[in-house]
1. Please pick out the residue among 180, 187, 205 that is in contact with a Phe, Trp or Tyr (Cβ under 7 Å, 6 or more places away or on another chain), under 23 Å from residue 107 (Cα atoms) and modelled with pLDDT of 95 or more.
2. State the number of residues belonging to region 110-128 that are over 24 Å from the mean Cα position of the chain (by Cα), crowded, with 19+ Cβ neighbours inside 10 Å and assigned to a loop (DSSP other than H, G, I, E, B).
3. Considering only region 119-139, state which residues are modelled with pLDDT of 95 or more and under 16 Å from residue 409 (Cα atoms).
4. Is it the case that residue 84 is assigned to a strand (DSSP E or B) and more than 24 Å from the chain's Cα centre (by Cα)?
5. Where residues in region 391-440 are crowded, with 17+ Cβ neighbours inside 10 Å and in a helix (DSSP H, G or I), which of them is farthest from the chain's Cα centre (by Cα)?
6. State the number of residues belonging to region 143-154 that are closer than 16 Å to residue 111 by Cα and either crowded, with 22+ Cβ neighbours inside 10 Å or of a type in the set (A, V, I, L, M) (or both).
7. Run down 245, 250, 264 and say which single residue is modelled with pLDDT of 95 or more, in the same structural domain as residue 332 (by TED's automatic domain parsing) and of a type outside the set (Asp, Glu).
8. Output the number of the condition that residue 143 fails; it satisfies all remaining conditions of (1) of a type in the set (A, V, I, L, M); (2) closer than 23 Å to residue 410 by Cβ; (3) modelled with pLDDT under 95.
Amino acid sequence: MDYEKIGLMAGIEIHQQLDTAEKLFCHCPTTLRDVDERCGEFKRYLRATESEMGEIDRAAEEEMKKQDRIYTYYAYDTTCLVENDEEPPAPMNPEALGLSLTLAKMMGMTPVQQVHVMRKLVIDGSNTSGFQRTALVALNGILPAGARIESICLEEEAAQRVEGDTFSLDRLGIPLAEITTGPDMRTPGQVKEVAAYIGMLLRSTGRVKRGLGTIRQDVNISIRDGARVEIKGVQDLSLIDEVVRREALRQQNLVEIAGELKKRGASVGEEVVDVTDLFKDTGSSILKRAKCILAIKLCGFGGLVGKEIQPGRRLGSEMSDYAKKCGVGGLFHTDELPAYGVTAEEVKILKDRLAAGASDCVILVADTKKKSECAIGQIKKRAAMAFDGVPEETRKMLEEGSSAYMRPLPGAARMYPETDVLPVDISGEYWDSLELPELITNKEKRFAGEFGLDESLARQMAYSSKAGLFEEAVSKGVKPNLAARTIYSTIRELRRDGVSTGRIRDEEIIELLLAVERGSAAKEAIPDILRAVSTGDSVSAAMEKIAPSVSEEELSAVIAGIIEDRIDFVKEQGMRSLGPLMGVVMKEMRGRVDGKVISEVLKKELQKVL
């Protein structure tokens, strides 16, 4: 795809959870909980509110099409009345504000003189209050990758959806940095490059949360003849370029469909026909149990509703997304029928009822009368949009990088002042006092040069959340390679084997590594000792259980016995027997003695008999 030719423009919004002790507007810890640990639950109705100008935001208005806006929330002993929306918020968390300003300084931004909190209308259930608190912190930054940073905001994280309309309050209120770039990227690769660079800056602070769901990218994409579309919830950086590619393809195809519809002189029929009686004996279980089936004719849309616009998605899928806002399961259209239990004869009767020709497409929705009428209205709305090409939308990412409609892009009516939180002044002295952390890219080079780690291990260690532990271990006398391979590789392998490595304290890892350096434990025993520590043993108890110390005299005696048992082999092979015998001794010692020590003693014992 020639991205320059189609005029691709893209920008990203990165949302990163900050690793602070407390939440943004209360003193609760930022600890995630298991839903089985909840201590209560309650329900809330959410409704859209008017802005100061008396307007309702178009995105909120779309959300209101859902009939029953009642949500269930799980509460914990680590959440409070602020999350419940039963108590005013506390003043803004100074730790979170300082960290967001540090990020702004790292990107060469200009801080605002006074931070004001706003309310962002959100009635999808993710906030008990019906709005999200957000505050502009700084403006106008630049990255080496060539993208402008338009703004950085500090806002509260949303509640975590458990399933359906049930949410968990443990995540609600965790401080979240929102970094917004300009629409400066012109290829999918550039989007990925910029996102990776911002991710590196965030990790360089050492004070952001790690793991799936702690960072999310929203991508804004348009092409020359298309429109700005925001795709939300891209959690996997490796997919971000594919998301851009697929959205550019979708917009191209929608532009082509618009041209074809105009060329055909197509139109959206006004008449909605009740065809429930036609399907009273149908083989389609969905249609048969529906209380009401409504149909509409799209003149000149034949073959286009079923046209693929991105992998796994068709124009009909776009219409179905809009219809689902009314609570229906989806729609049927004659570009894909007969199928799903609907026969060719039923399709013919349906088309005859609506006087549909070969170039037309008939859409069906089936549910209650109220939901069906709402859905048909949404389908007519989306079909009319097809003549303009690409509608401005907020979309959600699907697996593998395609996307589905969520709601219209929000407008200015979405934001209004927060009256319960006082503004915070940002003084020049405070801004100047903020210290910038070492960038991970610089740390990677330092680990390779100063500590002699190979390039791959230096990169892995620099990007690890345990980089600080690595440097502490080295400063206390642990060899860099031993420290890095234990802290990064060994712990990772144990975690993959199901070991609860989170129970192993940093000081216990350093204690074990220092024991290895002293010769009190063999490095080969490190994995087994750490396994024992993860179950509650102390390091010394684990060492005694797994690999009790062996004196050189005891080792010499064991090796001498092994050589005596294989004396003919030793006489025949000479010093070449060192390798095979090394394996035998290592197995016998089971990690109780370092391999280097075993090799030295084995050589001495072999020289005695040769």
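1. Sole residue among the options that is in contact with a Phe, Trp or Tyr (Cβ under 7 Å, 6 or more places away or on another chain), under 23 Å from residue 107 (Cα atoms) and modelled with pLDDT of 95 or more: 187.
2. 1
3. none
4. In short, no.
5. Top of the filtered list is 413.
6. Residues that pass the stated criteria total 3.
7. When all the criteria are applied, what remains is 264.
8. The failed condition is (2).
The values are calculated or read from the model by the stated rules, or taken from the named source; none is laboratory data. All values derive from a computational prediction rather than experimental measurement. Glycine gets a Cβ as well: all are built from the backbone with ideal geometry, and neighbour counts include every protein chain shown.
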